[in-house]
Amino acid sequence: MPLPSRPSSRRPSRPPSRPWPGPRRRWRPVALTALLALTIGHAAPARAADNPYERGPAPTVASIEAPRGPFAVADAAVAPSAVTGFGGGTVWYPTSTAEGTFGAVAIAPGYKAGKATIAWLGPRLASQGFVVLTIDTLTPDDPPDSRGTQLLAALDYLVGASVVRNRIDRNRLAVMGHSLGGGGSLSAANTRPTLQAAISLTGWHTTKNWPDVRVPTFIVGAEDDEVAPVALHSELFYSTLPATLDKAYLELDGATHATPTAPNVTIAKYGISWLKRFVDDDTRYEQFLCPAPSDATIEEYRDTCPHS
């Protein structure tokens with residue numbers, strides 16, 4: 001579908017991240033300024049004062065469990081011949097920029113798989129207020145570290161040469177992946193600490209220890225995963241991430257390694273909440289992550305609450 005010709009409305013770009021160690025950004029209302037502004041009848045909207053990166057209405061359980069969010073979505077093919085460093089893919093994006101620019105997420109598939117296996121995440125995340133690129137890898141056999149490098153190449157393409165670059169805040173980027181792509185998301189986070197979030201879905205990687213990751217990381221494992229058993233992969237990934245890091249581990253009850261390749265309410269619900277909380281700094285979504293949820297579809301949940 002062709003992109004609208006109307007130029008996007010830009011919000012102020014995100015300030016540079018603090019060097020590690022140090023607290024993540026905290027957005028606070030300027031109470032005195034707001035009070036004075038109200039007194040003279042020229043108050044700015046409270047939401048803009050609190051957090052200029054919020055997108056969409058206040059969330060509810062129903063809104064984050066729904067197949068689509070509040071934003072209308074379009075998509076555009078990314079030909080392999082038009083890019084370097086990854087195998088092309090599909091970009092999904094909100095059609096309106098009335099609320100400003102958006103954070104962006106690159107998503108990688110697993111072993112021997114293509115972008116079709118993660119396609120359901122494209123419109124689902126984009127409709128919640130993100131630009132999403134579901135990628136094909138250079139070869140079906142690419143190992144996790146290569147997939148991590150390709151995820152970063154996909155993000156660089158999005159903010160540099162893509163037709164949606166003017167819709168993206170280049171300081172609000174995240175990675176996500178399934179299986180070897182999930183291992184790739186950990187590798188990408190380890191390589192580029194300026195990322196705002198990483199999500200690993202039933203991830204597989206020969207590296208088990210991740211003590212140097214500085215990116216808020218969400219690990220999803222599956223109870224009945226025989227390809228990447230949680231005791232040998234997801235649980236180890238989570239436990240070796242720094243204790244001071246914003247991190248969470250969700251184990252899907254009765255799920256298998258392939259569960260993330262089909263629409264899944266639990267993955268979407270908490271994945272959206274994680275991206276909103278850390279890519280958009282939107283604390284309205286923290287209620288779904290902290291305290292730990294006790295959903296019937298969750299076998300186990302661990303995290304480092306509180307996030308704020």
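Values quoted throughout were computed directly from the atomic coordinates according to the rules given, and no laboratory measurement underlies them. Quick caveat: nothing in here was measured; it's all calculated off a predicted structure. Cβ atoms come from the backbone with ideal geometry, glycine included; neighbour counts cover every protein chain shown.
Results, tabulated for the structure shown:
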{"read-out": "Label point 7 Å beyond Cα of T207 along Cβ direction - residues of the range 70-99 with amide nitrogen under 13 Å", "value": "none"}
{"read-out": "Radius 11 Å from Cβ of V61, net charge of other residues (Lys, Arg +1; Asp, Glu -1)", "value": "-1"}
{"read-out": "Which of V175, A76, L252, positive extreme of dipole for the range 61-303 (C-beta unit charges)", "value": "A76"}
{"read-out": "Sequence-distant aspartates and glutamates (8 or more away, or on other chains) whose Cα lies within less than 12 Å of K276", "value": "E54, E286"}
{"read-out": "Charge sum, other residues only, whose C-beta stays under 13 Å from F86's C-beta, Lys/Arg counted +1 and Asp/Glu -1", "value": "-1"}
{"read-out": "Proximal lysines to K208, defined as alpha-carbon separation beneath 24 angstrom and excluding residues fewer than eight positions away on the same chain", "value": "K112, K247"}
{"read-out": "The range 194-297: C-alpha gyration tensor shape, a/c 1.5 cut-off, then a/b vs b/c", "value": "oblate"}
{"read-out": "Likely footprinting exposure, C290, C305, fewest C-beta neighbours within 10 Å first", "value": "C305, C290"}
{"read-out": "Local electrostatic count, V265, Cβ distance below 15 Å [Lys/Arg +1, Asp/Glu -1]", "value": "0"}
